[in-house]
Each structure stands twice: as C-alpha cells, then as structure tokens.
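Below is one structure, written out as structure tokens, with a few remarks after it.
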Amino acid sequence: MFQGSSALTLDAKGRMSIPARHRDVLLAEEQGRLTLTRHPDGCLMLYPRAVWEIKRAQIAALPAMARPLQRLLLGSAQDVDMDGAGRILVAPELRDAAGLAREVMLLGLGSHFELWDREQWEARSLQDVSQLDPAILEQISF
C-alpha cells in the first residue's frame, strides 16, 4: 500500500526519482516495472505493472459508451522501467498532457500513485478540501 506525498523534481530529460520508501517495494515486488497513464482529473497515474494489468483488463472490458475513457487511459498508457538510480522517464507527451513542469508531487493512493504538477496540486487540494461532503466526514473518526 502506497501512501503519503513527495515533492520531486523532473530533470531536464523528464526523469523523476522514485522516493526510496516506495522504490524498495517496487523493485522487490515489480522489478521496477511500472505503467504511466493519464487521469481524467488532469494528472498522471503511476501503477505497478501487475496492478495495471488488472486495471487494463477492467478498462478494456467496459461497454462501448466508455470509449472516450478507454482512449484516455489505454491510449495514453506507457510502460516504464526504473533505471539503476531509481528514476523513471516521463515521456514528453504525458508531461504535456498533465502540464508537468519541473516541480511535481507524487501522491501514494493505496495501489497506485498520482503525479501532479506542484502548482496544480496545491490549487486542486485546496479546491478538494473546500468541497468535501460532510456525509463522508461523518463516516470517519479522526
């Protein structure tokens, strides 16, 4: 289970270092094999390859009315492998699609990650908090 957020930097080639706390798990369980794809919210999603293969089958099995979502998720998916330094390359077309600049945020969301441009994430997180449904909050004790 992946959780927490990490402020990261994309290098000039579009590479990003996976934080050590996640890198070790991803190397042990996935041999560093990951898949990046677009998210309808405007960020990217980063999946361990085994998790992505299950998701990919679920997405491919959606009815024809879900074709736009299939195009977004499956049509944008790119397999990436961690290099010896624990970095992955975020392809230019994915960086452009998600508006990723140099400063990014990697968010652990259980089985996968979201990758956001840092400024976009800050604005989105404020918006998300302001729109929290009180009924959902009542189901959780802090």
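Among the residues making up the range 48-60, those that are touching a helix residue (DSSP H, G or I) at 6+ places or on another chain (Cβ under 7 Å) and assigned to a helix (DSSP H, G or I) are Arg49, Ala50, Arg56, Ile59, Ala60. Number of residues in the range 3-47 that are without any contact (Cβ under 8 Å) to a residue 40 or more places away in the chain and either of a type in the set (Lys, Arg) or in a helix (DSSP H, G or I) (or both) equals 6. None of Ser111, Ser141 is farther than 19 Å from Leu10 by Cβ, free of Cβ contacts under 8 Å to residues at least 12 places away in the same chain and among the hydroxyl-bearing types (Ser, Thr, Tyr) except Ser141.
Filtered by the rule that a residue be more than 16 Å from Leu34 (Cβ to Cβ), surrounded by fewer than 19 Cβ atoms within 10 Å (Cβ to Cβ) and in contact with a strand residue (DSSP E or B) (Cβ under 9 Å, 6 or more places away or on another chain), the range 86-108 gives Glu93, Ala97, Gly99, Ala101, Arg102, Glu103.
Set side by side, the residues Glu122, Glu138, Glu114, Glu103 differ, and just one is of a type in the set (D, E, K, R) and touching a Ser or Thr at 6+ places or on another chain (Cβ under 8 Å), which is Glu103.
Total residues in the range 1-47 satisfying the condition of being among the hydroxyl-bearing types (Ser, Thr, Tyr) and farther than 23 Å from Ser76 by Cα: the figure is 2.
May I ask you to list the residues in the range 73-96 that are in a helix (DSSP H, G or I) and within 17 Å of Phe113 (Cα to Cα)? Quick ask: steps written out before the conclusion?
Step one: filter the range 73-96 for residues in a helix (DSSP H, G or I), giving 73-76, 92-96.
Result: Leu73, Leu74, Ser76, Leu94, Arg95.
Of the residues making up the range 6-53, just one is among the polar types (S, T, N, Q), surrounded by fewer than 16 Cβ atoms within 10 Å (Cβ to Cβ) and more than 12 Å from Val80 (Cα to Cα), namely Thr9.
Read the figures in this text as sums done on the coordinates, not as results from a lab. In this text, all values refer to a predicted model and were calculated from it rather than measured experimentally. Neighbour counts are summed over all protein chains in view; Cβ atoms, including those assigned to glycine, are modelled from backbone coordinates with ideal geometry.
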